[in-house]
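Heads up, the thing below is written out as structure tokens.
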Amino acid sequence: MYQDYYGFSADPFRLSSRGDNLYLHDSFKRAMSYLLYAFHKGEGMVLITGKPGSGKTTLIDEVVAEASDSQMPITVVDCTNLAGADLLGLYLEALGVAAAPGSSNSRAVRETLSSMRQSKQPILILDDAHLLSAENLNKVHMLCNLKQQGVPLLQIVLVGQPALRETLLSPGYEQLHQRLVATCNIEALDMSETREYMLQKLRSVNWVNNPSIAESVYGAIYRSSLGVPRWIDLICSRMLLNAMASDRKFISLDDICEVIRDLIDEDLLPDQVRLSTKVA
């Protein structure tokens, strides 16, 4: 692969980012600080939204890693796995607990959380929470109401696409919305951030200007990715692959435009980009 060809220590544009490979732009840092604030506050819910590919899962991974140092009991539930199933049952499964015969899931959750709360407050992160059904959103409300001696038994974080915010603002969800103590939307990168994102990822794998990149390439990638990290990674990965295949040590504007045209032809870029042929 191109990482060996160019002498990189790893693939700079791999999907998962940690450590030096993680780019902390402003809205990402704000979302992370809100989550850590909520964890220590220990009450209410936090809502984190962002478009697909904006870095929500990366945020969860990073926060879980940071919180592990303080031994906070965090459970992440992927709401794509619900598909009509009971949220409480899936949560119990994630905790490795089964409801006793004749006992309801809600009672089992309460008893489990009461036991866990004696050490540190459990935290539940619901990823892809925009997929939650009305019934399971009511279960979220029920979980918010669980208390022991007036203290909430559980800290909840909802992470999902922007439609989730609209859902919580709609009639019927006022009480759930009132539980929010912080909300943040992870924004797309701007032009300058896109350039810094690319350079940080390249430098993290010992890139020493091989291949060198024309300054105009960054603008073309920004416009074609809409500043969304997932699309930036895809375009850059293909850019390096094509450069390797052509034995190039320099990537020009023409080179990146060729890559972007290929990705458009393959229907791999956002609709807004695919419907326009102007990439540079």
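The values are calculated or read from the model by the stated rules, or taken from the named source; none is laboratory data. Only a predicted model underlies this, so the values are computations on that prediction, with no experimental measurement involved. Note that each Cβ is placed from the backbone with ideal geometry, even for glycine, and that neighbours are counted across all protein chains shown. Areas reflect the complete protein model, heavy atoms only, side chains present, ligands, DNA and RNA absent. Shrake-Rupley method; radii C 1.70, N 1.55, O 1.52, S 1.80 Å.
Some notes on this structure:
- For residue 56, a cut-off of 27 angstrom between C-alpha atoms picks up these lysines, skipping any fewer than 8 places away in its own chain: 29, 41, 120, 139, 201.
- 1.4 Å probe accessible area per residue over the chain, in Å²: 48
- Counting protein heavy atoms only, the chain has 48 percent of its accessible area on carbon and sulfur, 1.4 angstrom probe.
- 0 to 90° range, to nearest 10: angle between helix 26-41 axis and the chain longest Cα axis: 20
- Taking each DSSP H run with n ≥ 4 as -39500 (n - 2.57) and averaging over every residue of the chain yields -14000 deg cm²/dmol at 222 nm.
- Amide H contacts under 5 Å for residue 204: none, restricted to partners 5 or more places along the chain or on a different chain, H placed in the peptide plane at 1.01 Å from N.
- Compared with the dominant principal axis of the Cα atoms in the chain, helix 191-203 is inclined by about 80°.
- For the chain, the calculated P(r), taken from all Cα-Cα distances in 10 Å bins from zero up to the bin holding the longest distance, is 6, 26, 28, 19, 14, 6, 1 percent.
- Computed from point charges on the beta carbon alone (+1 for Lys and Arg, -1 for Asp and Glu), the dipole magnitude for segment 1-136 about its Cα centre is near 400 Debye.
- In the chain, the longest principal axis of the Cα atoms and the axis of helix 215-225 are about 40 degrees apart.
- Residue (of 42, 276, 63) at the positive-pole extreme of the chain, dipole from beta-carbon charges: 42
- A Förster radius of 22 Å combined with the Cβ-Cβ distance from residue 166 to residue 83 puts the calculated FRET efficiency at roughly 0.50.
- Counting DSSP beta bridges with both ends in the chain, the antiparallel % (nearest 5): 10
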